[in-house]
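Remarks on the structure that follows.
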Amino acid sequence: MASNGEILSSLLSDQAMVSPAIVSLLHAWQLTGMAKHVGSLRQKYKISPPVTSGRDPAFDRGFRAQQNTLEFTPIFLILLWVAAKFLNPVLASVAGLLYIRGRWYYFDGYCAQAEKRLPGFYLAVRAIMVLFGLSVAGIIHTTLSVYFNINVIKIVGLENYIP
């Protein structure tokens, strides 16, 4: 049976962190695609920076969708990496992929019509809530394990599923 130190060490290994790293890169690619789309809208509607609204509703929606996604990015990345490091990188990555998918739905929907943004927004927020829960569970488990020698994962019988 692996010790608590060995479990924590395996979670922090480079190999274990490949999946959240891939998800982070996918999100960076997503942000780049959104920025490119907003840039195209700027050209189409002849809206030069620093102007950010008021000339065309299609531009306003695209710009707002991009900005909202940027506003959520720090929250997403913090929760992704905390959940990955302290609980399980694969579970965190799956939730991260759901977040990215939700953000695409949100962006595409918002660009089409403001009302169509909500299904994607709700999916992304649910993924954020899952990542928050995974992060809290990981921090609690690690704190109890490292400082009090209590392995919650073992107590609840999940040691075969969560390292």
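All of the numbers you see were taken from the coordinates with simple rules; none came from a lab. All figures in this text were calculated on a predicted structure; none of them were measured in a lab. For neighbour counting, all protein chains shown are included, and Cβ atoms are generated from backbone atoms with ideal geometry for every residue, glycine included.
The string of couplings for segment 76-91 from the Karplus curve (6.51, -1.76, 1.60, θ = phi - 60°) is 4, 5, 4, 5, 4, 6, 5, 4, 5, 6, 9, 10, 7, x, 6, 4 Hz, one whole number per residue in order, with x for Gly and Pro. Each residue of segment 115-121 was assigned a 3J(HN,Hα) from its phi angle through the Karplus expression (A = 6.51, B = -1.76, C = 1.60, θ = phi - 60°), giving 5, 7, 7, 5, x, x, 4 Hz with x at Gly and Pro. Taking 37 °C and 0.692 mPa s as conditions, segment 45-135 diffuses translationally at an estimated 237 µm²/s according to Stokes-Einstein applied to its Kirkwood radius (Cα pairs). Evaluate the charge dipole of segment 78-143 about its Cα centre and quote only its size in Debye, nearest 20, assuming +1 on the Cβ of each Lys and Arg and -1 on the Cβ of each Asp and Glu. Rounded to the nearest 20 debye, it is 20 debye. Here the average projected area of the convex hull drawn through the C-alpha atoms of the chain stands at 10.6 nm². Toward the positive end of the charge dipole of segment 18-163, with +1 on the Cβ of Lys and Arg and -1 on the Cβ of Asp and Glu, the farthest Cα among 107, 75, 157 is that of 107. Cβ-Cβ distance of residue 139 and residue 75, R₀ of 22 Å, FRET efficiency by 1/(1 + (r/R0)^6): the value works out to about 0.85.
Simple point charges give the picture: +1 on the Cβ of Lys and Arg, -1 on the Cβ of Asp and Glu, and for the chain a dipole about the Cα centre of about 720 debye.
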